[in-house]
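J.: The structure's right below; bear with me while I get my questions together.
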Amino acid sequence: MEPRERTNGRAMASTHSVGLTEFLRKTSMSNVTYNNPILEIEGIDVPHLFIYPVFVLVLVIYLIILTTNIGVMLLIMMNRSLHQPMYLLFFSLSFNDVLGNTVLLPRLMLDVVSTDRSISYASCVSQAFFSHTYGTSCHTVMMMMAFDRYVAICHPLRYTSIMSPAMVATLTVSAWSTSITLVSILLALTIRLTRCRSVILNAYCDNASLFKLSCQDVSINNIYGLTFTVVLLGSSMGSVAFTYFRILVSCVSRKNKELNRKALQTCATHLVLYMIMLCSGFLVIILHRFQIDSKYRKMASILFHILPANMNPIIYAMQTKELKTKIVQILHSKVTQLQKFEN
């Protein structure tokens, strides 16, 4: 065969190969279902033997979260002596814990025992919205609580005038409106995308899992998500660090050891709660950024919801004298009533 004929043969084969590749690509693309209204949650892998023990464990955790947090909320609502800025802000924290876990744990229990893990796109977006609102509000509410402690310790004579009911209402509305606005923008950028996949690669719906369903360019989502995270964590850690630095300086400059002891005890409660929330949140971020086994990433995401929600009411109630006193009084009255009933 002449060189020119061999060259023409190779060119025809190459053209045929390119045409076949293009045909296969178009065929596969035509089989893709875009914007499927039903999604599938990958969930957590539970061995068949442990399905019901895990279900019971999650149920018990959820009931503890509801009982402790709603109990604290009712206690604050029903006792006028607890209608103080510190407790009203803690009310918001307990409400946030109930909200964040109610949107996650019931669905998680269902997915553990069910083989059908399908979820509508609208429900998935709603779950992601409330989940991210919970995470954001953890920081914004904690920032408001740190400000309250700063005013109480550094400006005790002006505390009542500064932390007035109007100021507490303003702080609460600001904390929640900031969270809702930031999360709404986050998910609005995701909803605009065209989806060509339908499997949520997480234990529950979140923004990252949702925009990964798209075959479009998600650079804007990544940029906003990174900016959102950096600004939130930066402002949260910066404001809390500045607040406690000023509190420490105030305590050092004062000579009253008893007042300093009470001030530091109150601050320690808030700081422990903040560190639990921050560390569990950082664990989720680290496992997302690095290619760690997905089961550890899923467990960290679940722990971010349940760990702070379980610890917040316990630590705050045990370390805060007024709350502890009210709880003891209620328990004592219940025991007394029970003894009278038995007699």
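J.: Let me spell it out: the conditions are (1) modelled with pLDDT under 90; (2) surrounded by fewer than 16 Cβ atoms within 10 Å (Cβ to Cβ); (3) over 18 Å from residue 36 (Cα atoms), and residue 170 meets all of them except one. Which number is the exception?
T.: Checking residue 170 against (1) modelled with pLDDT under 90; (2) surrounded by fewer than 16 Cβ atoms within 10 Å (Cβ to Cβ); (3) over 18 Å from residue 36 (Cα atoms), the one that fails is (1).
J.: In the stretch 188-237, what residues are of a type outside the set (Ser, Thr, Tyr) and either on the phi > 0 side of the Ramachandran plot or under 15 Å from the mean Cα position of the chain (by Cα) (or both)?
T.: Keep residues of the stretch 188-237 that are of a type outside the set (Ser, Thr, Tyr), which gives 188-189, 191-193, 195-197, 199-203, 205-208, 210-213, 215-218, 220-223, 225-226, 228, 230-234, 237.
Selection gives 202, 203, 205, 206, 207, 208, 225, 228, 232, 233.
J.: Tell me which of these residue 91 doesn't satisfy, since it passes every other one: (1) under 20 Å from residue 295 (Cα atoms); (2) surrounded by 14 or more Cβ atoms within 10 Å (Cβ to Cβ); (3) free of Cβ contacts under 8 Å to residues at least 24 places away in the same chain.
T.: (1)
J.: Name, by its number, the condition in (1) in contact with a Pro (Cβ under 6 Å, 6 or more places away or on another chain); (2) of a type in the set (Ser, Thr, Tyr); (3) open to solvent by less than 20 Å² (accessible area, probe 1.4 Å) that does not hold for residue 68.
T.: Of (1) in contact with a Pro (Cβ under 6 Å, 6 or more places away or on another chain); (2) of a type in the set (Ser, Thr, Tyr); (3) open to solvent by less than 20 Å² (accessible area, probe 1.4 Å), only one is false for residue 68: (3).
J.: Is it the case that some residue within the stretch 80-92 is of a type in the set (Lys, Arg) and either at pLDDT 85 or above or under 23 Å from residue 129 (Cβ atoms) (or both)? Give the derivation first.
T.: Just the residues of the stretch 80-92 that are of a type in the set (Lys, Arg), to begin with: 80.
Remaining after also requiring either at pLDDT 85 or above or under 23 Å from residue 129 (Cβ atoms) (or both): none.
No, the conditions are met nowhere in the stretch 80-92.
J.: May I ask you to verify whether residue 8 is under 38 Å from the mean Cα position of the chain (by Cα) and either at pLDDT below 50 or surrounded by 10 or more Cβ atoms within 10 Å (Cβ to Cβ) (or both)? Can you show your working first?
T.: Working: under 38 Å from the mean Cα position of the chain (by Cα): no; either at pLDDT below 50 or surrounded by 10 or more Cβ atoms within 10 Å (Cβ to Cβ) (or both): yes.
Spelling it out, it is not the case that residue 8 is under 38 Å from the mean Cα position of the chain (by Cα) and either at pLDDT below 50 or surrounded by 10 or more Cβ atoms within 10 Å (Cβ to Cβ) (or both).
Conditions (1) in a helix (DSSP H, G or I); (2) free of Cβ contacts under 8 Å to residues at least 60 places away in the same chain; (3) of a type in the set (Phe, Trp, Tyr), marked per residue:
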| site | (1), (2), (3) |
| --- | --- |
| 243 | yes, no, no |
| 261 | yes, yes, no |
| 275 | yes, yes, no |
| 279 | yes, yes, no |
| 284 | yes, yes, no |
| 287 | yes, yes, no |
| 300 | yes, yes, no |
| 304 | yes, no, yes |
| 308 | yes, no, no |
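J.: Across the stretch 103-153, what is the number of residues that are aliphatic (A, V, I, L, M), over 20 Å from residue 43 (Cα atoms) and without any contact (Cβ under 8 Å) to a residue 60 or more places away in the chain?
T.: So in the stretch 103-153, the residues aliphatic (A, V, I, L, M) come out as 103-105, 108-110, 112-113, 119, 122, 125, 128, 141-146, 151-153.
Within this subset, residues satisfying the condition of being over 20 Å from residue 43 (Cα atoms) are 141-146, 151-153.
From what's left, without any contact (Cβ under 8 Å) to a residue 60 or more places away in the chain: 141, 144, 151.
Matching residues across the stretch 103-153 total 3.
J.: Filter the stretch 272-296 down to residues that are of a type outside the set (Val, Ile, Thr) and open to solvent by 40 Å² or more (accessible area, probe 1.4 Å), then give me how many there are. Step through it out loud before you land on a result.
T.: Looking only at the stretch 272-296, we keep the residues that are of a type outside the set (Val, Ile, Thr), and these are 273-275, 277-283, 287-291, 293-296.
Next, from what is left, pick out any that are open to solvent by 40 Å² or more (accessible area, probe 1.4 Å): 275, 279, 282-283, 288-291, 293-296.
Residues in the stretch 272-296 being of a type outside the set (Val, Ile, Thr) and open to solvent by 40 Å² or more (accessible area, probe 1.4 Å): 12 in total.
J.: Let me confirm something: among 262, 255, which residue is within 30 Å of residue 156 (Cβ to Cβ), surrounded by 12 or more Cβ atoms within 10 Å (Cβ to Cβ) and of a type in the set (Lys, Arg)? Spell out the reasoning first.
T.: Values: 255 fails: surrounded by 12 or more Cβ atoms within 10 Å (Cβ to Cβ).
Selected residue: 262, the only one of 262, 255 that is within 30 Å of residue 156 (Cβ to Cβ), surrounded by 12 or more Cβ atoms within 10 Å (Cβ to Cβ) and of a type in the set (Lys, Arg).
J.: Can you tell me which residues in the stretch 195-232 are hydroxyl-bearing (Ser, Thr, Tyr) and either surrounded by 15 or more Cβ atoms within 10 Å (Cβ to Cβ) or in contact (Cβ under 8 Å) with a residue 24 or more places away in the chain (or both)? Let's see the steps before the verdict.
T.: Filtering the stretch 195-232 down to residues hydroxyl-bearing (Ser, Thr, Tyr) leaves 198, 204, 209, 214, 219, 224, 227, 229.
The answer is 198, 204, 209, 214, 224, 229.
J.: Also: Of the residues that sit in the stretch 148-167 and are out of contact with any Leu (no Cβ under 9 Å at 6 or more places or on another chain) and farther than 24 Å from residue 251 by Cβ, which one is surrounded by the fewest Cβ atoms within 10 Å (Cβ to Cβ)?
T.: 166
The values are calculated or read from the model by the stated rules, or taken from the named source; none is laboratory data. Everything quoted here is computed from the prediction, not taken from an experiment. Every residue, glycine among them, receives a Cβ derived from its backbone with ideal geometry; neighbour counts consider all protein chains shown. All accessible areas refer to the heavy atoms of the entire protein, side chains included, with ligands and DNA or RNA removed. Shrake-Rupley method; radii C 1.70, N 1.55, O 1.52, S 1.80 Å.
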